[in-house]
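Peer 1: Please read through the structure below; I'll follow up with questions.
Please treat every number below as a calculation from the coordinates, not as lab data. These numbers come from a predicted model, not from an experiment. So basically every Cβ, Gly included, is an ideal-geometry build from the backbone, and we count neighbours across all protein chains shown.
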Amino acid sequence: MFEHNEKEMEKLMQRNSEFRSLYQRHRELDSKVRDAELGVLPMDDVTLLNMKKEKLHAKDKLTQLWESRASLA
């Protein structure tokens, strides 16, 4: 998601525990959603939909934190 600027992302992850935990959660959800869509991870539709919503919420919050990173220094 933010890999295009790895140095800035690493700095933010070191400085901001919320960003770090949200980033890790987003990656975890991304992997599970992908596996579920491929049929590797059995999951009912409601659970998959909830995971997608949580992933999107995490991405939105990560984007907010990313955009305000200058003020977090």
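Peer 1: Inspect all residues belonging to region 3-19 and state whether any of them is within 11 Å of the chain's Cα centre (by Cα) and surrounded by 15 or more Cβ atoms within 10 Å (Cβ to Cβ).
Peer 2: Within region 3-19, one or more residues are within 11 Å of the chain's Cα centre (by Cα) and surrounded by 15 or more Cβ atoms within 10 Å (Cβ to Cβ).
Peer 1: Being within 11 Å of the chain's Cα centre (by Cα), surrounded by fewer than 16 Cβ atoms within 10 Å (Cβ to Cβ) and aliphatic (A, V, I, L, M) is the filter here; which residues of region 20-73 pass it?
Peer 2: Residue satisfying the conditions is 56 alone.
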